[in-house]
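The values are calculated or read from the model by the stated rules, or taken from the named source; none is laboratory data. The shown structure was predicted, so the numbers you read here are calculated from the model rather than taken from an experiment. Cβ placement follows ideal geometry from the backbone for every residue including glycine, while neighbour counts extend to all protein chains displayed. To get the accessible areas, we keep the full protein, side chains included, count just its heavy atoms, and leave off ligands, DNA and RNA. Shrake-Rupley method; radii C 1.70, N 1.55, O 1.52, S 1.80 Å.
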Amino acid sequence: MKFGTKAIHAGQEPDPATGAIMTPIYQTSTYWQKSPGDNKGFEYSRGTNPTRKALESCLAALENAKHGLAFSSGMGATDAVMKLLSPGDEVITGDDLYGGSYRIFTKIFSNYGIKFHFIDLNDAQNVKKYVNENTKLIWIETPTNPTMQIVDIESVAAIAKANNILLAVDNTFASPYLQNPIDLGADIVMHSVTKYLGGHSDVVMGALMLNDDELYKRLWFIYNACGATPGPMDSFLVLRGLKTLHLRMKAHCENGRQIAQFLKTHPRVEKIYWPGFTDHPNHDIAKKQMRDFGGMISIALKGADLNETFRIASSFKVFSLAESLGGVESLINHPVSMTHGSIPKAERDKVGVTDNLLRLSVGVEDVEDLLEDLKQALA
Ligand code: P1T
């Protein structure tokens, strides 16, 4: 099945009780058992729920994976992966990451004896320098949040495999429409479903997709034992959102391309981060592993201090100043004060997450209105 057909149908059959085309919202915490253990495969909704199960099958299909697990947030999904580790284990990850990922690594899991290496992943071979016998996991984001670095998934996967290390890829910025890390050798794909997968800024959710049966069993145990699983209503909303993922992504990419081109030569823009430009440092890798370049763009404003950056961030009329991304509506975000506030300034500055950086999540509105809004805000 091709992508759009899977987005609409995978994991979903007409309801056997009524023929309803749409998967019912099984708003129940528990299930009747004829005698103890004699049930229809559903016991308690923390572990299993039919609406969530349909969603998990669809999510797995979109990432060409065998298994899917939905969590009550992207951070819940990340937390579950980290709980595969033990004290003394080491993780190699990038130096540009969503602030919440950096925070859970440094403020939670570091306290449990896990060591994190935040390294430059623009050259995948750099990973080799940090591999030792304690390395158990490589965690990458690509494109990265917010500076759109591109990490060569296939090359990192080869290093991971050669050293018996798990590779997890946070595929939130690309979405499965643009990139499928499992096809490139990753073991686990993670998503903040809150973003493109949900697509309408009305749900917070996360997911893991993977192939290996043993790893799935371990992660399912954590998912059920720790309990950060989403409810049926949110599962339904994401199933509904997924049906237009392919259509939305095409529009995000097209609008993103036009806006990136407009901003590239704008006199107020000092630097622009978007992997579709041929002068992006890893454009060739982006071209190889992604089907298009997406709707996420960051810009550093020329000569703008924090006050001026705040003034510009607050002067949009169609873009909304807000955290998050990937919804149908365009958003603008100031990483330093919003999504990446928990990363120390010295670390942020190293990768270009500076006071004058703004991140755009280009929505699917008419692009002429978005361009007009940018023109007036940057005037
Ligand atoms: O917000 P949540 O669903 O828990 O997902 C966390 C997360 C994980 N990975 C990436 C790459 C992310 O961007 C996020 C969440 N990011 C934002 C809220 C943001 O505005 O960047």
Exercise. What number comes out for the charge environment of VAL336, summing +1 per Lys or Arg and -1 per Asp or Glu over other residues with Cβ under 14 Å away?
Worked result: -3
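Where Rh denotes the Kirkwood radius from the mean inverse Cα pair distance, what is Rg over Rh for segment 245-377? Walk me through the numbers before you get to the answer.
On the way: Rg = 14.3 Å, Rh = 15.1 Å.
Value, to two decimals: 0.95.
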Exercise. Ignoring any ligand, DNA or RNA, what whole percent of the accessible area of segment 213-276 comes from carbon and sulfur when the probe is 1.4 angstrom?
Worked result: 57
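Which of the chymotrypsin sites (Phe, Trp or Tyr not before Pro) found in segment 1-38 are in a DSSP loop and have at most 14 neighbouring Cβ atoms, other than their own, within 10 Å? Don't skip to the end; give the middle numbers.
Working: sites: PHE3, TYR26, TYR31, TRP32; in loops: TYR26, TYR31, TRP32.
Here the sparse-neighbourhood loop sites are TRP32.
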For this session: Give, as a single signed number, the net charge of other residues whose beta carbon lies under 13 Å from the beta carbon of ILE272, with Lys and Arg counted +1 and Asp and Glu -1.
Result: +4
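Keeping the other protein chains in place, figure out the carbon and sulfur percent of the accessible area of segment 293-379, with a 1.4 Å probe. Could the numbers behind the result be given before it?
Numbers: 1820 of 3350 Å².
Percent of accessible area from carbon and sulfur atoms in segment 293-379: 54.
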Exercise. Which whole number in µm²/s is D for segment 50-205 by Stokes-Einstein, with the Kirkwood Rh taken over Cα pairs at 25 °C and 0.890 mPa s?
Worked result: 156
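Would you rank GLU133, GLU270 by solvent-accessible area, highest first, keeping every protein chain in place and using a 1.4 Å probe? Numbers along the way, then the final one.
Working: GLU133 150, GLU270 110 Å².
Most to least solvent-accessible, the answer reads GLU133, GLU270.
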For this session: With a 10 Å radius around each residue's Cβ, average the other Cβ atoms per peptide and rank 116-126, 253-263, highest first.
Result: 253-263, 116-126
For this session: State the extension gain, in nm to one decimal, for the chain segment bounded by GLU154 and MET233, taking 0.36 nm per residue of separation less the distance between their alpha-carbons.
Result: 24.8 nm
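Assuming 0.36 nm per residue, please report the length gained on full extension of the stretch HIS9 to TYR112 beyond their Cα-Cα distance.
Values: separation 103, 0.36 × 103 = 37.08 nm, distance 4.16 nm.
Result for the pair: 32.9 nm of gain on full extension.
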For this session: Towards the positive end of the charge dipole of the chain, with charges on Cβ (+1 Lys, Arg; -1 Asp, Glu), say which of LEU245, ALA313, ASN39 has the farthest Cα.
Result: ASN39
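Scan segment 1-91 for GluC sites (Glu not before Pro) in coil per DSSP, keeping those whose Cβ has at most 11 other Cβ atoms within 10 Å, and list them by number. All intermediate terms of the calculation are to be shown ahead of the outcome.
Values: sites: GLU43, GLU56, GLU63, GLU90; in loops: GLU43, GLU63.
Passing both the DSSP loop test and the Cβ count: no residue.
What is the calculated FRET efficiency for LYS161 to ALA379, with r their C-beta to C-beta distance and R₀ = 45 Å, to the nearest 0.05?
Values: r = 52 Å, r/R0 = 1.15.
Efficiency at R0 = 45 Å is approximately 0.30.
Provide the net charge surrounding PHE173, with neighbours chosen by a C-beta distance below 13 Å and charges set as Lys +1, Arg +1, Asp -1, Glu -1. Present the calculation step by step, with values, prior to reporting the outcome.
Values: positive: LYS195, ARG359; negative: ASP96, GLU141, ASP170, ASP292.
Residues close to PHE173 contribute a combined charge of -2.
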Exercise. Once amide H atoms are built 1.01 Å from N in the peptide plane, which residues 5 or more positions from LEU167, or in another chain, come under 5 Å H to H?
Worked result: ILE138, ASP187, ILE188
For this session: Round to a whole angstrom and tell me the spacing of the C-alpha centers of segment 119-146 and segment 20-44.
Result: 42
For this session: Could you work out how far helix 367-377 tilts from the main Cα principal axis of the chain, as a 0 to 90 degree angle to the nearest 10?
Result: 50
Exercise. Given H placed on each backbone N at 1.01 Å, which residues far from TYR44 in sequence or on other chains put an amide H within less than 5 Å of it?
Worked result: none
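For the chain, report the accessible area per residue in Å² (1.4 Å probe, heavy atoms, rounded to an integer).
Details: 15800 Å² over 379 residues.
The answer is 42 Å² per residue.
Once you have the Cα-Cα distance between GLU133 and LYS317, take 0.36 nm times their residue separation minus that, and quote the gain in nm to one decimal. Please report the intermediate quantities before stating the final value.
On the way: separation 184, 0.36 × 184 = 66.24 nm, distance 5.30 nm.
Extending this stretch completely gives an extra 60.9 nm.
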Exercise. How long are the three semi-axes of the equivalent ellipsoid for the chain, computed from the Cα gyration tensor as the root of 5 times each eigenvalue, in whole Å, largest first?
Worked result: 34, 26, 18
Problem set entry | Highest-fluctuation residue, THR265, THR18, THR106 considered, GNM on the chain with Cα pairs under 10 Å | THR18
Seminar exercise, completed: Dividing the helical contributions, -39500 (n - 2.57) per DSSP H run of n ≥ 4, by the residues of the chain yields a 222 nm value, nearest 500 deg cm²/dmol, of -9500 deg cm²/dmol
Problem set entry | Helix 213-226 axis, angle to the chain major axis (alpha carbon atoms, nearest 10°) | 90
Exercise. To the nearest 0.05, how large is the calculated FRET efficiency for LYS40 and ASP305 if R₀ is 51 Å and r is the Cβ-Cβ distance?
Worked result: 0.25
